[in-house]
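Okay, so here's the structure we're looking at.
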C-alpha cells in the first residue's frame, strides 16, 4: 500500500460521509488497511489508538461486512480491516414502557441509537470461556457487543417466557440465554 493511500481513503470517506454504504456500491478490492477494531471497541490505525471520535464515526459510517470479513467501502474502493469481535459496542440502554410494549434503545460508542426489535435482533452467544456474549444487530450484519454492565441491566429486566428468560423490545421476545 503506498504512503498516500490513507489520505486518499479519508478524502473518499469524507465525500461519502453521512450515508451507510448502499448495497449497489461495488468498488474494487484495493487491499488491506492497517486498521483494527479491538474487542473493547477501541479503533487502532497502524497500532496506535485513533483518538478523534469524528474520524471513528466517519469510518463506522462506511463499514460493511461480507461473510466473516469487514471492509471500509467508498464508491470507488474497498479496503479490508481487522475486527476482533464486533465492530461496535453498546454502552448504554434506555428502557421505555413495560411488558410486551417495552422498548430497549441502545447507544453505541459512536453515538448511534438502535432499538432492539424485528429489524435489530438481540442474540446471546457463549464464548469459549463459557461466558455469555450478547450482541445487537446494528445494520446489515454489523453487530454491537453489549457491554457487560448493560447486559446486567438487561438481566435485571428479564422475564420468563415458558422455560426461557429474556426481554421484550418492540413486540419481540429475545432470549438472554445462549
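Just so it is clear, none of the values below were taken in a lab; they were calculated from the coordinates. Because the structure is predicted, anything quoted here is derived from the model rather than measured. When we count neighbours, we look across all protein chains shown, and the Cβ atoms used for this are built from the backbone with ideal geometry, even at glycine.
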Full-stretch length increase - residue 140, residue 173 - with 0.36 nm per residue and alpha-carbon distance subtracted: 9.8 nm
When 113, 133, 139 are ranked with the fewest other C-beta atoms within 10 Å first, the list becomes 113, 139, 133
If each of residue 85 and residue 65 carries a label point 7 Å out from its Cα toward its Cβ, how far apart are those two points in nm? 1.4
When DSSP beta bridges are limited to those with both residues in segment 88-175, what percentage is antiparallel, rounded to the nearest 5? 90
Chain lengthening between residue 50 and residue 158 when straightened (0.36 nm per residue, less Cα-Cα): 35.3 nm
May I ask what percent, to the nearest 5, of DSSP beta bridges between residues of the chain are antiparallel? 85
At 222 nm, what helix-only mean residue ellipticity would the chain give, in deg cm²/dmol to the nearest 500, using -39500 (n - 2.57) for each DSSP H run of four or more? -5000 deg cm²/dmol
0 to 90° range, to nearest 10: angle between helix 148-157 axis and the chain longest Cα axis: 30
Fewest first, what order do 25, 168 take by the number of other Cβ atoms within 10 Å? 25, 168
So the angle from the long Cα axis of helix 5-15 to the longest Cα principal axis of the chain, reported in degrees to the nearest 10, equals 60
Between residue 165 and residue 95, what length in nm is gained on full extension when 0.36 nm per residue of separation is reduced by their alpha carbon distance? 23.5 nm
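Which ordering of 107, 72 is given by a fewest-first count of other beta-carbon atoms within 10 Å?
Details: 107 17, 72 23.
Going from least to most buried by this count: 107, 72.
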